[in-house]
Structures are given as C-alpha cells and as structure tokens.
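Following: one structure in structure tokens, then a few remarks.
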Amino acid sequence: MRAVAIAAIVALVGGCGFHLRESGHATLAPEFSVLRIAGDQRAVLDDMRNALVIEAGVRVTDEAPYPLLTLSSESIQSEVLTITAAGTQNDFLLNYSLSYNLRGADGAILIPSRTIRLQREYTFDKINVLASERQDAFLRAAMRRDAVHQVLRALSSLPRPANAN
C-alpha cells in the first residue's frame, strides 16, 4: 500500500511539470541547438560547455555562422566580514561576477551584456585550516556553476520564433 502511494505521488509530481532545480534539463529554441562559446576564463568556459551539452543537448562548435555566447569578466573577490578580538580574520564574503552576451548567427544582439553577481559567506576556522581552504574552493566552484545555470536559464527564456511549434 505504501509503495503504491509513493508511486502515485511521484507520478503526480512528475506529471505536473515540476523539476528539481538544476535537474539537468533545459530547453532552448531550435536556432540555439548549435552555439559558439568565447571567453578568456577556461574554467567557466568548460562549465558552460558541459552544461550546454549535457543539460540542453546543444552542440558546441568553433565554426561560424552560429550564435555566439561570450562569457567575459569573470571575477571572484574575497573580503573580510569580521575580525576577532585577537585581531584575526574570522568571516569572509566571496563576491562573484560573470558578464555575458549573446549574438545571433547574423551578428544581431540577442542578449545585451548582462552581469550575474553572487555572494557567499563562510567562516574561517583557524584550527582546521585545510577544511577552510576546501570550503573556500568549493564555494568558488559552486558560485561558478550557479552563474552558468543562470546563463542557461536566460538562454532558455529567449522567445521562440513565431513559426516554431
């Protein structure tokens, strides 16, 4: 009886169109089934390429005449939030930003330059320095992935041509 109830709930949730956030599915308009990607930061380019291929089924190419997604001005900066009574840095704020734009195959601007800004806080543990450094690296990678998914959602939200189904 319990298994039937669970199966019914799963079927209802899946049938209503609900998907977990970043569940690995993005639908782009057909004219974006092949894209070019440009930028100067290797890590974000790799993450974007993987997201486009795996989550949206896009073919990434270096050849013209396909739309060009440009990822630029990726930066991650750290600032001190709190200092202990002993004068040591305790809490930090990571500020991440990524600028991007999209041009059509004809060079027309489809998405003008936009900047994604993210912030994450973390506490530095002076007793467990290695774990704190790993936490910093993990947060930086997670912020990059979040920004990539925001770009992917922006691409998914572009209007489809009037003659598309």
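Read-outs: derived from the displayed coordinates by stated rules, not from any lab. All values reported here derive from a predicted model rather than from experimental measurement. Please note: Cβ atoms are built from the backbone with ideal geometry, for glycine as well, and neighbour counts cover all protein chains shown.
Here are the numbers for this structure:
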quantity	calculated
Potential extension, residue 105-residue 42 segment - 0.36 nm per residue separation minus Cα distance	20.4 nm
Dipole magnitude (debye, nearest 20) for the stretch 24-156, charges at Cβ of Lys, Arg, Asp, Glu	120 debye
Ratio Rg/Rh [Cα only; Rh per Kirkwood] for the stretch 24-156	1.10
Nearest-0.05 FRET efficiency for residue 88 and residue 157, computed from C-beta distance (R0 45 Å)	0.50
Low-density loop cleavage sites - GluC sites (Glu not before Pro) in the stretch 22-109, where at most 16 other Cβ are within 10 Å (DSSP)	22, 63
Square roots of 5 times each gyration tensor eigenvalue, C-alpha, the stretch 79-125, largest first, Å	41, 7, 5
Residues whose placed amide H lies under 5 Å from that of residue 91, excluding near-sequence neighbours	81, 82, 124
